[in-house]
1. Can you give the FRET efficiency to the nearest 0.05 for Arg120 and Val51, using r as the Cβ-Cβ distance and R₀ = 41 Å?
2. Taking only C-alpha pairs under 8 Å that are 6+ residues apart, what is the relative contact order of the range 5-124 in percent?
3. So what's the chain giving for Rg/Rh, alpha carbon basis, Kirkwood Rh from the mean inverse pair distance?
4. Assign unit charges at the C-beta atoms only (+1 for Lys and Arg, -1 for Asp and Glu), then state the dipole size of the chain relative to its Cα centre in Debye, rounded to the nearest 20.
5. Consider a paramagnetic label point 7 Å from the Cα of Lys39 along Cα→Cβ; state which residues of the range 63-106 have an amide N under 12 Å from it.
6. Using 0.36 nm times the number of residues separating Val18 and Thr96, minus their current alpha carbon distance, what extension gain do you get?
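Every number here is computed from the coordinates shown, using simple stated rules; none is lab data. Computed from a predicted model, the values in this text were never measured in an experiment. For neighbour counting, all protein chains shown are included, and Cβ atoms are generated from backbone atoms with ideal geometry for every residue, glycine included.
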Amino acid sequence: MQGNHLFEYAVIRMVPHVEREEFLNIGIVLYCAPQKFLKAKFELDRERLKVLCEKMDFDELSHHITSFERICIGGKEAGSIGMLSMPERFRWLTATRSTILQTSKVHPGLCDDAGEMLERLFAQLVSKVQG
């Protein structure tokens, strides 16, 4: 029987105007050391984002998201940060910064399947509520 594994996650937020401290949750990044899992999942709802920022540069935002995803995967394609160990990459991604793409504080939990937990957190904290 497979036991529970410790994981850590953060909500990824789009912050169009840092000085206003307004944000929209657009993704989740989840790290689970025992399962060697580090992955981010994003959803861009352009209409909701335009409410916060009429002149959103979606190309720039997409570039930031692509960089975030590459760092999760690791390797040379992600530059020098991509060459760090998985826990170091997670810590780098979730470090406090003042840019349009920020993360919440890191939260811990237990799971059997990190990929399934990523999907569940994404549905709870990012996806539009259907109904």
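1. 0.95
2. Normalised by residue count, the contact order of the range 5-124 is 35 percent.
3. Rg/Rh for the chain comes to 0.98.
4. 180 debye
5. Zone members listed by number: 73.
6. 26.8 nm
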